[in-house]
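All remarks here apply to the structure that follows.
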Amino acid sequence: MTRDHRRKKAIRAAAAASGRTYLDAANSVNMSTAGPMLAEPLRAKLADAVEAAGWPVEIEHNPLMGALRTYFGPAMFDVARDDSAGPDVFTGDEHPDDPAVFDLQAPLRVLVWAPQIANFADELGRVAGIDGQEIPADGPVAALASAVDRVVGAARHRDVTDTPNNGSCGICADRYPEAALFTPTQAHIRVCPCCAFDGDLVRAVDPSHLAYQLDRAEAESVALPAGWAAVGVLLTCLGGPTLHRRLADDWRAHHTLYEPAEKWADTLRAWTWLPPGPARPAALAHLGSGASMSAIAAAIDRAHPDLRERFRAREDDIVAECLDDEYGDDVRPGEDDRMRVPAQLVDRLWPAVLAYTIAMLTHFPDLGQVVG
């Protein structure tokens, strides 16, 4: 009964408006020269444009309730048809380009969610982020991608502004939202991202517990301090290629069905919020409100191809100064060379260096005037 549902409604409406018979109206509708509006090509182009803005993108290849879904960073968007264009009841796997189910002349729309799990936030007194905000899909794809990014960035700004700093870090005592403080050790001291690896923390536990806290918070909030993204990037740098599997095994052993995000398998798939306005480095000006470490590293390398080597040289200078302060003229020949920072270590930790720099500029925009 639902096949060609929207088309039959259109025929009945045309017949009623013109006084023609149903058959005459059907022939008129069938003779329409307008080409079909397909969701699949629009989704592919929009996903490419969002990825070009820096976001890590994952395609959901199976249709969900008449929509095509794409995940990016903390958010997701659906490409779907007008509510009246399809069946009254969905079975779950209807494709928006199936002419037996949908009127392909019906307009397409884009719906955005951020974060990916919509939930009521007690500290906000409302649902966190944005819950299915509709964006008209009739403009250029580049403008549509900008609008998608813009509503996600605006949702973050609104939630950050409205979230009270009702907690304090157990190490530095800086004020943070209570939900933005995590416990990286068995001592269960709640800390901010700047103190996650502080030397005063004792009884360290396997990083899987901290990774789990970061994954769940990121999926449920767009107001999480950017510094936690840097903490996650450092964990992936240190954990290596087996980290994702180890996290999955440990989480399952602790009886959770949640799977670790893909970023734990690839440091460059991790993402972070980017600094607003004047605090943003010029090299990142073309990116969206957030970006993957892959996009950030590529942009920095293009703008400053010698930056990594300059960083390593600076670290070597610091080591040499420390040796000189400690031993003076008693430094043995060749000691400086043995203490040089290995290039492979810099390469391994470089994403974390960038992530911490970007995170601090995002959290403390005034720093941009100092380092800019």
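Each reported figure results from applying straightforward, stated rules to the coordinates on display, with no laboratory input. The structure displayed is predicted, hence computed values, not measured ones. Counting neighbours? That spans all protein chains shown, and the Cβs are built from the backbone with ideal geometry, glycine included.
The calculated FRET efficiency for His95 paired with Asp131, based on their beta-carbon distance and R0 = 30 Å, is about 0.80. At full extension, Met65 and Ala118 could sit 17.3 nm farther apart than now, given 0.36 nm per residue minus the alpha carbon distance.
Estimated from the Cβ-Cβ distance and a Förster radius of 45 angstrom, the FRET efficiency linking Lys45 and His188 is about 0.40. Residues whose amide H lies under 5 Å from that of Gly129, counting only those 5 or more places away or on a different chain, are Val222; hydrogens are built 1.01 Å from N in the peptide plane. Which ³J(HN,Hα) values, rounded to whole Hz and listed in residue order, are derived for region 280-289 from phi using the Karplus coefficients 6.51, -1.76 and 1.60 in 6.51 cos²θ - 1.76 cosθ + 1.60 with θ = phi - 60°, glycine and proline given as x? Whole-Hz 3J(HN,Hα) from phi for region 280-289: 7, x, 4, 5, 9, 4, 7, 8, x, 6. Our coupling estimate for region 129-135, obtained by passing each phi through the Karplus curve with A = 6.51, B = -1.76, C = 1.60 and θ = phi - 60°, is x, 10, 10, x, 6, 8, 10 Hz, Gly and Pro reported as x.
The stretch between His254 and Ala282 holds 5.7 nm of extra length on full extension. This uses 0.36 nm per residue minus the Cα-Cα distance.
Summarising the amide proton neighbourhood of Val57: residues at separation of 5 or more, or on other chains, whose placed amide H is nearer than 5 Å comprise an empty set.
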